[in-house]
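Asks: If you scroll down you'll find the structure; I have some questions about it.
The values are calculated or read from the model by the stated rules, or taken from the named source; none is laboratory data. This one's a predicted model, so the numbers in the text were calculated from it and none came from an experiment. For neighbour counting, all protein chains shown are included, and Cβ atoms are generated from backbone atoms with ideal geometry for every residue, glycine included. We work out accessible area using only protein heavy atoms, side chains counted, and drop any ligands, DNA or RNA first. Shrake-Rupley method; radii C 1.70, N 1.55, O 1.52, S 1.80 Å.
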Amino acid sequence: MYWLDRLNTGMNRLHIGGGRVELLHWAYDEHLADNRPHRHTYFEACLVGRYGAGVFTEPLGTHALAPGTLFVARPGVVHTIANTEYPPMELYWVAFGWSSDDKSPKSDGERAMRAFAESDICSAPDQMALLMLWETLRLTASGPWTVGSVDQTLSLLKAVILAAAQAVSPQERVDIPEDQTRAGRIASAQAVRYIEDNLNRQLSLEEIASHVNVSTRQLTRLFSVFAGTSPAQYVRVTRLDRASALLTRTELPIKEISHQVGFSDVQYFTRCFTAHFGVSPGAFRHGARSGQIIQRPGMLV
């Protein structure tokens, strides 16, 4: 779709206060098919459009989906999306990462993004205002491409991301007693963030476990529950996922990309990438830019 091509070409980073949103891809499906259990190494915010119904299932529960429902797949969490009515649901979604070097947020937007990243809320019904924003973004990106429309599109991108973040963030900060499930999810999220922040070097199981104050055995168990895989496999897939984004979004040489995601040997990187994605890094870059490789909810990346 032409409007998606525009959104996915060149508009890959937003600055919110002292933080950064890395936009990986925007997508749309008129009739989303059911998908199998999978996980991502990034946030994926999904919004049911004007029709359809279904369920979103993740380790802490099952969430009903209806027109206007926003639901979020958080990094490393195994989840599924299934329809319960015909025709299958209309779905908008965006995949993105969030990072901030500031310990004290400098703006309301940055505070909203930090609250979103730390929240464990996964869904919010009746987000029709957000749906209207998303539909306006679609119309704007489909129209004539002028300086004014580009500026409007950038404003709408930021508005969609912030509105989605605020919808699934706590409205008030309160002290909530943590049971083992909640504490485990927090530890898993901290481990995921540490992995993502240190992809350019070797990471041991002991180092990751020490960072989140759990034993290596506990860390392995947490990843099995919340990510459906081992920590080592998660690190490997995260490296390859980051590499796929760099291949699509930058002109960096493949050797440089392999080093940035923690592979010291470019030939070994190429073998791992090809085994995971089914194509070589060079073929992936060409296919992604020509529209032949499309990432959808349900890709195990």
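Asks: Within the stretch 17-35, can you find the residues that are within 17 Å of the chain's Cα centre (by Cα) and either under 18 Å from residue 162 (Cα atoms) or among the hydroxyl-bearing types (Ser, Thr, Tyr) (or both)?
Replies: 19, 20, 21, 22, 23, 24, 25, 26, 27, 28
Asks: Consider residue 251 against the criteria (1) charged (D, E, K, R); (2) surrounded by fewer than 19 Cβ atoms within 10 Å (Cβ to Cβ); (3) touching a Gly at 6+ places or on another chain (Cβ under 7 Å): it satisfies all of them except one. Which criterion is unmet?
Replies: (3)
Asks: Pairs only if they're at least six apart or on different chains, beta carbon under 7 angstrom, first in the stretch 131-159 and more than 16 Å from residue 2 (Cβ to Cβ) and open to solvent by 70 Å² or more (accessible area, probe 1.4 Å), second assigned to a helix (DSSP H, G or I) and at pLDDT below 85; list them, first residue then second.
Replies: Partner pairs satisfying both residue conditions: 152/140.
Here's the yes/no breakdown for (1) open to solvent by less than 10 Å² (accessible area, probe 1.4 Å); (2) over 16 Å from residue 22 (Cα atoms); (3) in contact with a His (Cβ under 7 Å, 6 or more places away or on another chain):
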| site | (1), (2), (3) |
| --- | --- |
| 58 | no, yes, yes |
| 63 | no, yes, no |
| 70 | yes, yes, no |
| 77 | no, yes, no |
| 83 | no, yes, no |
| 86 | no, yes, no |
| 89 | yes, yes, no |
| 99 | no, no, no |
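Asks: Would you be able to say whether some residue in the stretch 19-34 is at pLDDT below 90, out of contact with any Lys or Arg (no Cβ under 7 Å at 6 or more places or on another chain), open to solvent by 40 Å² or more (accessible area, probe 1.4 Å) and over 27 Å from residue 188 (Cβ atoms)?
Replies: no
For (1) among the polar types (S, T, N, Q); (2) touching a residue at least 12 places away in the same chain (Cβ under 8 Å); (3) more than 24 Å from residue 246 (Cβ to Cβ), each residue gets a yes or a no:
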site: 32; (1), (2), (3): no, yes, yes
site: 35; (1), (2), (3): yes, yes, yes
site: 48; (1), (2), (3): no, yes, yes
site: 62; (1), (2), (3): yes, no, yes
site: 69; (1), (2), (3): yes, yes, yes
site: 100; (1), (2), (3): yes, yes, no
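Asks: If a residue must be open to solvent by 70 Å² or more (accessible area, probe 1.4 Å) and closer than 24 Å to residue 122 by Cα, how many such residues does the stretch 205-217 contain?
Replies: Number of matching residues: 0.
Asks: Residues in the stretch 1-11 that are part of a loop (DSSP other than H, G, I, E, B) and open to solvent by less than 50 Å² (accessible area, probe 1.4 Å): how many?
Replies: 2
Asks: Report yes if residue 164 is of a type in the set (Gly, Ala, Ser), part of a helix (DSSP H, G or I), within 27 Å of residue 242 (Cα to Cα) and modelled with pLDDT of 80 or more, otherwise no.
Replies: For residue 164, the condition - of a type in the set (Gly, Ala, Ser), part of a helix (DSSP H, G or I), within 27 Å of residue 242 (Cα to Cα) and modelled with pLDDT of 80 or more - is met.
Asks: On the given criteria, is residue 243 modelled with pLDDT under 80 and open to solvent by less than 10 Å² (accessible area, probe 1.4 Å)?
Replies: Judged against the criteria, residue 243 is not a match.
Asks: Okay, next question. Out of the stretch 219-240, which residues are open to solvent by 70 Å² or more (accessible area, probe 1.4 Å) and modelled with pLDDT under 85?
Replies: 221, 224, 225
Asks: Mind listing whichever residues of the stretch 254-271 are of a type in the set (A, V, I, L, M, F, W, C) and open to solvent by 10 Å² or more (accessible area, probe 1.4 Å)?
Replies: Scanning the stretch 254-271 gives 254, 263, 266.
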